[in-house]
Amino acid sequence: MKCGVVVFPGSNCDHDVYHVLKHSLGQDVHFLWHGDSSVRDCELVVLPGGFSYGDYLRAGAMAVHSPIMAAVRQLADNGGRVLGVCNGFQILLEAGMLGGAMRRNQSLRFECRDAFLRVERSDLPFTSGYRSGQVLRMPIAHAEGCYIDTEEALDKLEHNGRVVFRYVDSEGGAAEGEQAAKWNVNGSARAIAGVCNEAGNVLGMMPHPERCADKLFGNDDGLAVLASAVGVAADLEGVLA
Amino acid sequence: MSATRNEPPVDIDLAKAQGLAEDEYGQICDILGRVPTYTELGITSALWSEHCSYKSSKVYLREFPTEGEHVLQGPGENAGIVDIGDGWVAVFKMESHNHPSFIEPYQGAATGVGGILRDIFTMGARPVACLDALRFGDIDAPRMRYLIDGVVRGIGDYGNCVGIPTVGGETSFHSGYNENILVNAFALGLARRDRIFHARASGAGNPMLYAGSATGRDGIHGATMASEAFGSESESKRPTVQVGDPFAEKIVLEACLEVMRTDAAVAVQDMGAAGLTSSAFEMADRGGVGFRLNLDRVPLREPNLSPYEIMLSESQERMLLVAHRGRQEEVVKIFERWGLEVAEIGEITSDGRAQILAGGEEVASMPISPLAANAPMYRRPVAVPSDLAARQEPPEVPEPSDPGTVLERLLDTPELGCKSWIWRQYDHTVRTNTVIGPGGDAAVLVLKGSTGGLGLTSDVNPVYCSLDPATGGAQAVAEAVRNLACVGAKPVGLTDCLNFGNPENPEVSWQFREAVRGISAGCRAFDVPVISGNVSFYNETEGRSIPPTPTIAMVGVIADVRNLPAAHFTAVGDRVLLLGQDANEFGGSAYLRLLYGVEQGAPPKVDLEAESRLAGLLRFLVSDERIHTAHDLAEGGLGIALAEACVGGGLGVDLEIDCQPHQLFSETQARAIVAVAPNTAEQVMAEAEKRDVPVVDVGAVGGTALKLRCDGAVVNSEVEELHRIWSTALPRALEM
Amino acid sequence: MTVRARVTVYPRPEILDPQGKAIAGALGRLGFDRVLDVRAGKSFEIELAEGSGSVEEELGQISEKLLANTLIEDYSVELLESESA
Amino acid sequence: MTVRARVTVYPRPEILDPQGKAIAGALGRLGFDRVLDVRAGKSFEIELAEGSGSVEEELGQISEKLLANTLIEDYSVELLESESA
Ligand SMILES: Nc1ncnc2c1ncn2[C@@H]1O[C@H](COP(=O)(O)OP(=O)(O)O)[C@@H](O)[C@H]1O
Ligand SMILES: [Mg+2]
């Protein structure tokens, strides 16, 4: 699949995503410059992690106004696939493409560690490689990952099945109660780790699938996010070879 | 040349106020053949400062072995370079940011990271990893929690934003740092061997370009200046704290690497300490050329900076480049595309002089190489510390009444507790090269596109160094080698950060000389060259100096990173083998210091040959994929090493050890534990014996407790409980 | 002529403000026990060139477009003083 | 009775303000070309219980001790309104 990875000033997971798409999944990948006004013929565009414009005002706030974002929006409207990871998720939120907003982590500190996620939907282009209810281990690395919205909006989000990943405990149980802070790593409302749009072709998630896409790092739980997105069969053993 | 503008007249008093000694002032007058201008005086005092000239340390640093088969660039450039095979080179260096971090921990530590990253990418290498070595005082000392929090946030926020993982480091606490904390930042970059860049200016007529952030009054050494003589108003406007802008750094980094790929640039250098002065002079001196700068063209953040201020500003995230005449447009375009300010501020000349213009006047005209060649160098008086013999008296070692309780008490200290509260605030997985991050003995990076990788570690034990700096220096090198060996890495080079007190104090000078001697001996024994480094003197408050702290950061190569052992136990049933032989050594031990407040005795002896044999054995075992676990013994001895190996994987052990209970905490060097599948234990033991490394099988992995019997004493501690104590010790002490 | 203004941005009242809470807690521990509540916001001082349109309107747009995320934040605009160049 | 006050904290004028710089740049790219300069600061709204000492003094101490890093930041205190409970 023809894939684009957007480079904003301050992106720093751009090469990591590129590497997985190109070398682990054998796709046709290009970098897209934030100043470009077209995504060319890409069918999947990834907004990578990092600190676009230093995240100086609010994470993602300045990147939204880059010329490329109009083209990304267009692609999404036309049914193309858009994946925002970490800073990319924050940018999608600031762009109003997913609803909700990010606040600083509950701990008020940057958190770099593994989180456990439950796959809430496996019928999306990004999750078809998983089983519904499957528990994944995936690294997070962010300071502003606490997803919030009004109760009403959250209810609607849930109702429409737009919660794609949720932070859970290592057994897949709810990250609630006394242990909530341990598992819901940033204090997100309803332990939301990733959401999609109505149509299901735009996904934003805080954890980094590209950082756990290779057995070398002791974890390839994230590979199927990217593999699914580019339509590589969910038979991941084949992909890994 | 006449005095320009309304600058103060230069005389010996002003020179002294700027930190120049009387004969240094005489020297510069001789070199110029006249009295320097105000700007020239500032330039000279900066270039000849301890920080830039290494005047008190140079005579000793020459002892370091700096050459080796892998070394492409030793000390003298922005960073050292070693060949790591397959056409790749590793570029690395460590630097201190101690004083700024004590004043303003967040910005001090952040700009420390920024500075070391620039040192790496100016060489054409992409930074891929950082380490941070931190020394704090007692947690309850004034401001200490604030300092710790600020330093950790500063390092995290800067490195995270630039997108370079901090994959390891070290952290220790000692009252000797109550008033002088240490922040040492290490960075490593990778480059293709044929794409290395040197900061060596050449080619008369080539334009000099300034790129990055605009210049403000940051960090000019206002304190040492004669303030009456020079507008006290502008003095008061000078910020003492430099503020880092990691976003600017990130784009400067990307833009510089892009520029270097074009061949349009001749030389690139960052503006670090002494800013434009040191970058321009060093670049020209290395290339044997001169330059002409027009300060009116320097981008300024605020109006009305004097030439003196522009030359000495330490504003962050700025670069100086020399481009090939006719190709500067390409360079300019790249910087502009990244949204950076760029200006042509001068050109290279052939006369070997630094000519500096401002407001149509010449404010400085100095011959460059004599300034460098005549930089002062001192062999300061040395004296053995008067209390040394007393401090080295053998300590009394109390027998623990219950070694299990002792173990728990040790794990409950910030010193020996888990440091994850720190490294969780650092992105250690970005760039997806981190095979082993913080928490093991050494960090491991994979070199993408191959199975090979690098091991990185930073080590020193300041308590040992204070009891015997030569032994402490050698021990730091040995420990680094040992930590690398645990992940199968063969050392290729090291960088150091030598943190000491006031070199004008003969006892400090002695410490420095001895430490360098010890490090050099270590380097020779392991055949590891020093390829770069940094000296930080004057870590002293009210006459009290820090413990001598020569931090060593070492890099090793690993042929295959795919099946490395862990630092913790991973498989039930594994045999636990103890390598090395205890000699009951407690001088400077954690046991005496943390439980009894005693820092007494000679530090553990360093047997460099035994260390070499152990490291060789460990590397062999790792490369042969025969071991599941490898963890060296360091602070806290066998007891702490076992506890760490248990809590790291949540597995217990059942062991029988032939020693007296207190020996569990002896810190004899050249020891490690490994765990192996039962059916390979014999082979491994035979290999150890063949290599003359003492080895005993002490028991097996399994169960939920750390169980151990020695000389009638019993330890039986639930691993879960040990984990709870160990993992929360630091945040509890910090109350964060 | 230039105009100076200040835009202040606060989390909306119904949104939790963990930073404000943390500060209030820290102040309590420092012994400032009169402190009942803290809200943490942002403040921007903006210098504008005199132009044709209304300054307030311009600042409103600036705030909506960039300075505040109106989903979770409120903003207010305040003119400071004008300066002749 | 409670007192409400606002503490505003800004980087000192001579200190680099990376945030302000980045925001000014973004506003320029958005076409707000009247914007000459932006400084980014913090704003705290504090609610205090009526007490014996002077409110201003208390807020001064709070600012010095916690809200502002006076090495690099200036602060100012402004009383809002009092409310009877
Ligand atoms: N300041 C720090 N930053 C990052 N990692 C750290 C820091 N301090 C300690 N660590 C990590 O914690 C682990 C234990 O450190 P240390 O006790 O110094 O190890 P060792 O005794 O093997 O040298 C190491 O993996 C180290 O990298
Ligand atoms: Mg170790």
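If amide H atoms are built 1.01 Å from N in the plane of the peptide, which residues on other chains or at least 5 residues away come under 5 Å of the amide H of A:Gln27?
Long-range HN contacts for A:Gln27: A:Lys22.
Under 13 Å Cα to Cα from B:Lys605, which aspartates and glutamates show up? Leave out anything in the same chain fewer than 8 places away.
Partners within reach: B:Asp468, B:Glu479, B:Asp582, B:Glu585, B:Glu667.
Using each residue's phi in the range A:186-195, evaluate 6.51 cos²θ - 1.76 cosθ + 1.60 at θ = phi - 60° and report the 3J(HN,Hα) Karplus result to the nearest Hz, with x for Gly and Pro.
Those phi angles translate into 10, x, 4, 4, 6, 6, 6, 10, x, 9 Hz.
Starting from the Kirkwood Rh over alpha-carbon pairs, what translational D in µm² s⁻¹ does chain B have by Stokes-Einstein at 4 °C and 1.567 mPa s?
Values: Rh = 26.5 Å.
It comes out at roughly 49 µm²/s.
Please list the three semi-axes, largest first and in whole Å, of the ellipsoid equivalent to the range A:2-240, using sqrt of 5 times the eigenvalues of its alpha carbon gyration tensor.
On the way: eigenvalues 115, 88, 56 Å².
Over the Cα atoms of the range A:2-240, the ellipsoid semi-axes are 24, 21, 17 Å.
If you plug each phi of the range D:42-49 into the Karplus form 6.51 cos²θ - 1.76 cosθ + 1.60 with θ = phi - 60°, what whole-Hz ³J(HN,Hα) values come out, in order, with x for Gly and Pro?
Residue by residue, the range D:42-49 yields 10, 9, 10, 9, 10, 10, 10, 6 Hz.
Compute the FRET efficiency between D:Ser76 and B:Glu682 as 1/(1 + (r/R0)^6), taking r as their Cβ-Cβ distance and R0 = 51 Å, and round to the nearest 0.05. Display every interim value, and only then the final one.
On the way: r = 76 Å, r/R0 = 1.48.
It comes out at approximately 0.10.
Over chain D, what per residue volume does the convex hull of the Cα atoms give, in whole Å³?
Numbers: hull volume 9.2 nm³, N = 85.
Per residue, the Cα convex hull of chain D comes to 108 Å³.
Filter the trypsin sites (Lys or Arg not before Pro) in the range B:30-61 down to the DSSP loop ones having no more than 15 other Cβ atoms within 10 Å, then list what survives.
Numbers: sites: B:Arg34, B:Lys55, B:Lys58; in loops: B:Arg34, B:Lys55.
When the trypsin sites (Lys or Arg not before Pro) of the range B:30-61 are filtered for loop state and at most 15 Cβ neighbours within 10 Å, B:Arg34 remain.
Quantify how strongly other chains surround peptide C:58-71 by giving the mean number of their Cβ atoms within 10 Å of each of its Cβ atoms.
Working: counts 3, 2, 0, 4, 8, 0, 0, 8, 13, 8, 3, 10, 1, 10.
Partner Cβ neighbours, averaged per residue: 5.
For B:Lys690, list the aspartates and glutamates whose Cα falls under 14 Å from its own Cα; do not include residues on the same chain fewer than 8 positions away.
B:Glu682
Once you have all Cα-Cα distances for the protein assembly as shown, histogram them in 20 Å bins from zero and send the whole-percent values.
Per 20 Å bin, starting at zero, the Cα-Cα P(r) for the protein assembly as shown comes out as 12, 41, 37, 10, 0 percent.
Using the beta-carbon distance between B:Asp138 and B:Cys29 and R0 = 41 Å, what value does 1/(1 + (r/R0)^6) give for FRET efficiency, to the nearest 0.05? Walk me through the numbers before you get to the answer.
On the way: r = 48 Å, r/R0 = 1.17.
E between B:Asp138 and B:Cys29, to the nearest 0.05, is 0.30.
How long is the gain from B:Glu330 to B:Asp263 if the chain were fully straight, where each residue apart is worth 0.36 nm and the alpha carbon distance is subtracted? If you can, show how the numbers build up before the last one.
Working: separation 67, 0.36 × 67 = 24.12 nm, distance 0.99 nm.
So the chain would gain 23.1 nm between B:Glu330 and B:Asp263.
Which peptide among B:533-543, B:147-157 comes first, and what is the full order, when sorted by highest mean count of other Cβ atoms within 10 Å? Don't skip to the end; give the middle numbers.
Working: B:533-543: 19.1, B:147-157: 23.8.
Top to bottom by mean Cβ count within 10 Å: B:147-157, B:533-543.
Report ³J(HN,Hα) in whole Hz for each residue of the range B:660-670, in order, from the Karplus equation J = 6.51 cos²θ - 1.76 cosθ + 1.60 where θ = phi - 60°; Gly and Pro get x.
Rounded to whole hertz, the list is 7, x, 5, 5, 4, 10, 5, 10, 3, 7, 6.
Using a 10 Å cut-off on Cβ atoms, rank the peptides B:372-380, A:100-108 from the highest mean neighbour count down. Each step should come with its number before you reach the end.
Details: B:372-380: 14.7, A:100-108: 21.1.
Order by mean packing, descending: A:100-108, B:372-380.
If amide hydrogens are placed 1.01 Å from N in the peptide plane, which non-local residues have theirs closer than 5 Å to the one on C:Asp37?
For C:Asp37, whose amide H was placed from the backbone, the distant partners under 5 Å are D:Glu47.
Report the net charge of residues surrounding B:Glu599, where surrounding means a beta-carbon distance below 9 angstrom and charges are Lys +1, Arg +1, Asp -1, Glu -1. Can you show the working numbers first?
Numbers: positive: B:Arg391, B:Arg593; negative: none.
Value of the local net charge: +2.
Quick one: helix B:275-287 against the long Cα principal axis of chain B, what's the angle to the nearest 10°, folded into 0 to 90?
With rounding to tens, the tilt is 90 degrees.
Separation between the D:Asp37 and A:Ser132 pseudo-spin-labels, each 7 Å from Cα along Cα→Cβ, expressed in nm?
5.9 nm
Calculated FRET efficiency, D:Ser52 and B:Thr405, Cβ-Cβ r, R0 51 Å, to nearest 0.05?
Details: r = 49 Å, r/R0 = 0.97.
Using R0 = 51 Å, I get an efficiency of 0.55.
As a quick test, which of the pairs B:Lys419/C:Lys21; D:Lys21/D:Lys42; C:Lys42/D:Lys21; B:Lys58/B:Lys93; A:Lys2/B:Lys333 have an alpha carbon distance above 19 angstrom in this structure? List each step's numbers first, then the result.
Values: B:Lys419/C:Lys21 27 Å; D:Lys21/D:Lys42 15 Å; C:Lys42/D:Lys21 15 Å; B:Lys58/B:Lys93 17 Å; A:Lys2/B:Lys333 29 Å.
In this structure, B:Lys419/C:Lys21; A:Lys2/B:Lys333 exceed 19 Å between Cα atoms.
Helix by helix, which DSSP H runs in chain A go 18 Å or more along their axis at the Cα atoms and have an average Kyte-Doolittle hydropathy of 1.6 or more? Mind showing how you got there, number by number?
Working: long enough: none.
Helix filter hits for chain A: none.
Could you tell me how many degrees, from 0 to 90 and to the nearest 10, lie between the Cα long axis of helix B:506-526 and the main elongation axis, the longest principal axis, of the Cα atoms of chain B?
Its long axis makes an angle of about 60 degrees.
Taking 7 Å along the Cα-to-C-beta vector as the label spot, tell me the B:Leu72-A:Lys215 distance in nanometres, rounded to one decimal.
Each label point is offset 7 Å from its Cα along the Cβ direction, giving 3.3 nm.
Could you calculate the contour length gain from B:Asp527 to B:Thr451, that is, 0.36 nm times the residue separation minus the distance between their Cα atoms, to one decimal place in nm?
On the way: separation 76, 0.36 × 76 = 27.36 nm, distance 2.48 nm.
Gain on stretching B:Asp527 to B:Thr451: 24.9 nm.
Taking amide hydrogens as modeled 1.01 Å from N in the peptide plane, which residues meet the under 5 Å criterion relative to B:Ala354, leaving out close sequence neighbours?
Amide H neighbours of B:Ala354, under 5 Å, 5+ apart: B:Phe291, B:Met366, B:Ile368.
Per-residue mean of other chain beta-carbon atoms within 10 angstrom of the beta-carbon, peptide B:418-430? It would help to have the intermediate numbers written out before the result.
Numbers: counts 0, 0, 2, 1, 0, 2, 7, 6, 3, 13, 4, 12, 12.
Whole-number average of other-chain Cβ neighbours for B:418-430 is 5.
Evaluate peptide C:14-26: per residue, the Cβ atoms of other protein chains within 10 Å of its Cβ; return the mean as an integer.
Values: counts 2, 5, 6, 3, 8, 5, 3, 1, 4, 6, 3, 0, 3.
Counting other chains' Cβ atoms within 10 Å and averaging over C:14-26 gives 4.
Averaged over all directions, how much area does the convex hull of the C-alpha atoms of the range B:585-625 cover when projected, in nm²?
On the way: hull surface 15.5 nm².
Result: 3.9 nm².
Order B:557-563, A:115-121 from most to least packed using the mean count of other Cβ atoms within 10 Å.
Numbers: B:557-563: 18.0, A:115-121: 23.4.
The most tightly packed comes first, giving A:115-121, B:557-563.
Each reported figure results from applying straightforward, stated rules to the coordinates on display, with no laboratory input. Just so you know, these numbers come straight off a predicted model, no measurement behind them. Note that each Cβ is placed from the backbone with ideal geometry, even for glycine, and that neighbours are counted across all protein chains shown.
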